[in-house]
């Protein structure tokens, strides 16, 4: 008997190593030696509630789910520390049914990870853009709530005009 060197066939991050150097392992051992997770591409799983799923179905061009996913705009990943990940992602798959327990449908976006910054199991927020037609854009900075003026509960906002 002797020591064996084991190489991973994939590049990635090594998980926990339950065995110590010198441990006896055999082909009948049920536990894996370790798990290697590839990190070249990272998947972000997210859900859309029923209202947003209806918007997706109505607003994104295409007749099939795959057509709609192909036309879905690229998505951003907001990392746990609040920064925006510098590579845009692509929504690749979606579950066509609504989970009755949660009232939502699952989606998966893929992000390239050339710097190795992202890890499996991390958390973040997936953001997508959408076009809203005939909307009024209110600048956040100059808007002042009625409540600030009257000392009450916010009910609207006042925009600075010519006489401000």
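The values are calculated or read from the model by the stated rules, or taken from the named source; none is laboratory data. Everything numeric in this text was worked out from a predicted model, so none of it was measured. Because the Cβ atoms are built from the backbone with ideal geometry, glycine has one as well, and the counts that use them run over all protein chains shown.
For segment 1-37, name all the residues that are touching a strand residue (DSSP E or B) at 6+ places or on another chain (Cβ under 8 Å) and part of a loop (DSSP other than H, G, I, E, B).
Within segment 1-37, 8, 10, 12, 15, 34, 35 meet the criteria.
Any residue in segment 43-61 that is part of a loop (DSSP other than H, G, I, E, B), surrounded by fewer than 11 Cβ atoms within 10 Å (Cβ to Cβ) and on the phi < 0 side of the Ramachandran plot?
yes
Scan segment 102-117 and tell me whether some residue there is modelled with pLDDT under 85, under 19 Å from residue 58 (Cα atoms) and surrounded by fewer than 14 Cβ atoms within 10 Å (Cβ to Cβ).
Checked segment 102-117: no residue is modelled with pLDDT under 85, under 19 Å from residue 58 (Cα atoms) and surrounded by fewer than 14 Cβ atoms within 10 Å (Cβ to Cβ).
Please go through (1) surrounded by 10 or more Cβ atoms within 10 Å (Cβ to Cβ); (2) under 19 Å from the mean Cα position of the chain (by Cα); (3) assigned to a loop (DSSP other than H, G, I, E, B); (4) at negative phi for residue 81 and return the number of the only condition it doesn't satisfy.
(1) is the only condition that residue 81 fails.
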